[in-house]
Every structure is written in structure tokens, then in C-alpha cells.
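The values are calculated or read from the model by the stated rules, or taken from the named source; none is laboratory data. Quantities reported herein were computed from a predicted structural model and do not represent experimental measurements. FYI the Cβ positions are ideal-geometry reconstructions off the backbone, even for glycines, and counts take in every protein chain you see.
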Amino acid sequence: MSKARGLADLGNVYSDGALSNRNMIVNGGFGVWQRAVSSSNLGLSYYTADRFWSYAGGSGNVERSTDVPDGFIYSLLWNRASGGSLGTSVELSRQGFNPYGMLTCSMYLKGNFTGTALYLNFRNYSGGGADSVAITTKTDFGNYTDWTRVTIPVDCTGIAAHANNKMLNIEFGNFPVGGKITGLQLEAGDQSTPFEHRSYADELARCQRYYQTSNGTTNPSIIPYNTTTGYANSIQLPVKMRASPTVSKTSGRYYGGVWYATNNDVFGQVTPNAFTWIPRGSWTAYVPRLGELSWTADAEL
Amino acid sequence: METTMNITSATQGIDPMSGNPSSIQATIDGQLMSIPLDPSNRHYAEVMRQVEAGTLVVLEASV
């Protein structure tokens, strides 16, 4: 490509959107894996790479791979006995761009994707209803024996904004056995630009808007409210989450000479910024205890 | 994605200090979760969808 052509393309890209913060996909480089780096779970949910859900039959794992194109660290490998669905979503309300124009989706693929379909559609929140607007379906993927960059124009012009359009859903149907993906990018405009690499700290913070984990334990103090119920210090979330999260206890206990497990705990004052652990045990009222809690907080779309 | 959460139990979570519901304690896909009362939360939205469909009942807390 000549320098003049490169400058012309750069100008075109500049006209279409900012040169930084181009990629609307969070964790498109598959660098953040807060939940696990491998999972054999079959259900339709989030198990491995942040912001990516999977659904599969058969046995095997969806896992992290170090087989990557130049410039990347990780890819996602569908190491299962049969194909399945892989997807992510773009939250529309906070992106600061107009999604109802030309978009360009690009990705690096390796494996036999001849039976794979890619669907893009505007959707309500996952629990709230059916597809509102289908945009693009691509079914002419190839058999990529080496890493190949695939670019897909996504024409959203003329689509009327709708109250149901809370997110832009991106879904691979029949993601193939042995298939690998990384460098997934969705950007404004009709030009595909090089993948926008972000620092791990930046990408992790973006992921934590949707999911966080204690990644070990936190140790809040517990102030007993009565002999069976206590309040722990509020646990502040390092990144404000998209919505008040669903909080799950991985493990919880308190120290009273020895460690005792807590049971039937609830969480209160849950906000996008913090939550309070309300553990249940058996203790002398008003004698503070050292608590220990492992937790996850989920505010995925 | 079109969600298919398997919710096997749902009970009000009560804040003992205020006595008010603060969450829904639900077992979803085999995992116990504390769901905030926030319509933007996907688990809460799915609980409400199943309640409206008549396929799920959120039990009152026995506190």
C-alpha cells in the first residue's frame, strides 16, 4: 500500500471515529480470564474468557490457548467433541457512539469454520425478551489452516433506535471443534483497522464492569447484630459495575478461637459500588469477629 | 443470548436490621446466588420473567 493511500485510509478512519477506543468489544484480545482458563461446563453462561459466553454439547473444554497470531498472547480454543455457540455483547447505553451506521467487525480465526454462522443483532437484556433487530448473518467462513483475519461489514444504517436495544449481540453458531479465535473487534465506520491492543490493566477494568471476583479472600470484620446474625464491613468494588451485581459466596467463615463456617448468609446494600455481607453463625452478641469471604459479583448483560 | 437459566429455588432475602427484603436468594444452575432487586440485573430480570410466566414462586423468608 502506498503512503498516499495509507494516509487517505487514515483520514477515512479518522472521519469515521476516534483512532483510540475504536474497539467496542471488551476483551476481544482474550487477555482476561477471571472465571477460569478452562471449563467443561455445558450450560448457556459465562465460564472462561471474560465477556464471552458459551453453550455446547458433548465433552471437552473451552479453554485458553497460546497458539496466536503475531502480536497476541492468548486465543480461545474450542477443545470439545462437538461444536457449539460462542458469543459476546456490546453494551449500547455507555458506548458513546451511534450504533445505527456502518460498523466493521473483524477477527482472527484458525480452524475449519465452513459450517459456522455469525449473527449480529440488537437485543434487549438477555432475560427480557426475544431479538429485536437482526442485522447481519455471515455463513461463508472458510477452512483456515493458519491464522486468518476475517472482516465483515455490518450495515446498521436505517435501523430505528428502539427501547429494547440495550445491547448488540454477537454470536457464533456452530463454533467448530478445534476452532480458535482472537482479536475480535467491532468498530464504527466501513474500514477495518488493526486490532486495538489495550493494556491488561485497562482491559481488566473494562471486564470488571461486568464481573468481579475476590480472587482469593477478603477479610471484613463482622459485628454481630444478635447471637446468630452479623454485619460485615462493606466490601468496596474496585470498579463500578454496570448494575447492582448478583453476589455469590464461594466460601465464608469467621474466627472464634477456631474457624467456623457461616451458613444461610445474605447480602445487603448491594449497589454497583459495594455490597455488605450479612453472615449467619453463632456468637456472643456485639463481640466483633474476623470474617473471611470469597465472592463473585456478576452484572453481565 | 437467549437465556435458559435453571432456577430451582428462590426465597426473599431479608435485611435483619430493617426487616425489609434486600435480595432474592436463588439457586441458579446449581449455584446459590444473592440477587439484588434491580431490573437491570439479568438474574433478577429472569426471576421476574419466570414469576410472571407462572413457572417460579419466590418464597417468603422464614426469618
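For the stretch B:45-55, indicate whether the set of residues that are within 8 Å of chain A (Cβ to nearest Cβ), surrounded by fewer than 17 Cβ atoms within 10 Å (Cβ to Cβ) and either assigned to a loop (DSSP other than H, G, I, E, B) or at positive phi (or both) is non-empty. No, the conditions are met nowhere in the stretch B:45-55.
Just checking, how many residues over the stretch A:245-294 are under 27 Å from A:Arg206 (Cβ atoms) and buried (at least 22 other Cβ atoms within 10 Å of the Cβ)? Before the answer, list the steps.
Residues of the stretch A:245-294 that are under 27 Å from A:Arg206 (Cβ atoms), as a first pass: A:245-250, A:267, A:269-277, A:293-294.
Now drop any that are not buried (at least 22 other Cβ atoms within 10 Å of the Cβ), which leaves A:245-247, A:267, A:270, A:275, A:277, A:293.
Summing the residues that are under 27 Å from A:Arg206 (Cβ atoms) and buried (at least 22 other Cβ atoms within 10 Å of the Cβ) in the stretch A:245-294 gives 8.
Is there a residue in the stretch A:200-212 that is within 12 Å of chain B (Cβ to nearest Cβ) and either in contact with a helix residue (DSSP H, G or I) (Cβ under 8 Å, 6 or more places away or on another chain) or touching a residue at least 12 places away in the same chain (Cβ under 8 Å) (or both)? Yes. Among the conditions (1) closer than 24 Å to A:Tyr231 by Cα; (2) surrounded by fewer than 16 Cβ atoms within 10 Å (Cβ to Cβ); (3) of a type in the set (Asp, Glu), the only one that B:Asp29 does not satisfy is (1). Residue pairs whose Cβ atoms lie under 7 Å apart, separated by 6 or more positions or on different chains, with the first residue in the stretch A:133-156 and farther than 20 Å from A:Leu103 by Cα and the second among the β-branched types (Val, Ile, Thr) and surrounded by 12 or more Cβ atoms within 10 Å (Cβ to Cβ), are A:Gly142/A:Thr114; A:Asn143/A:Thr114.
Of all residues in the stretch A:169-187, those satisfying the criterion of being more than 15 Å from A:Met107 (Cα to Cα) and of a type in the set (Gly, Ala, Ser) are A:Gly173, A:Gly178.
Looking only at the stretch A:221-231, count how many residues are buried (at least 20 other Cβ atoms within 10 Å of the Cβ) and away from every other protein chain (no Cβ under 14 Å).
0
What residue, among those in the stretch B:16-31 that are at the interface with chain A (Cβ under 7 Å from one of its Cβ atoms) and part of a strand (DSSP E or B), is nearest to B:Val58 (Cα to Cα)?
Initially, the stretch B:16-31 is screened for residues at the interface with chain A (Cβ under 7 Å from one of its Cβ atoms), giving B:16-17, B:22-23, B:25, B:29, B:31.
Checking the rest, the ones that are also part of a strand (DSSP E or B) come to B:22-23, B:25, B:31.
Details: B:Ser22: 13, B:Ser23: 11, B:Gln25: 9, B:Gln31: 16 Å.
Only one residue tops the list, namely B:Gln25.
Listed by first and then second residue, the pairs with beta-carbon distance under 9 Å, at least 6 apart or on different chains, first residue in the stretch A:269-293 and over 22 Å from A:Arg209 (Cβ atoms) and hydroxyl-bearing (Ser, Thr, Tyr), second at pLDDT below 90 and in a strand (DSSP E or B), are A:Thr284/A:Pro224; A:Tyr286/A:Ile223; A:Tyr286/A:Pro224. Scanning the stretch A:26-46 for residues that are buried (at least 20 other Cβ atoms within 10 Å of the Cβ) and modelled with pLDDT under 95 turns up A:Leu44, A:Ser45, A:Tyr46. When the residues of the stretch A:232-251 are filtered to those that are at the interface with another protein chain (Cβ under 10 Å from one of its Cβ atoms), without any contact (Cβ under 8 Å) to a residue 60 or more places away in the chain and not aliphatic (A, V, I, L, M), which remaining residue is farthest from B:Asn41 (Cα to Cα)? Checked the stretch A:232-251; the qualifying residue farthest from B:Asn41 (Cα to Cα) is A:Thr250.
Does A:Gly183 fit the bill of being crowded, with 20+ Cβ neighbours inside 10 Å and on the phi > 0 side of the Ramachandran plot?
Working: crowded, with 20+ Cβ neighbours inside 10 Å: yes; on the phi > 0 side of the Ramachandran plot: yes.
It is true that A:Gly183 is crowded, with 20+ Cβ neighbours inside 10 Å and on the phi > 0 side of the Ramachandran plot.
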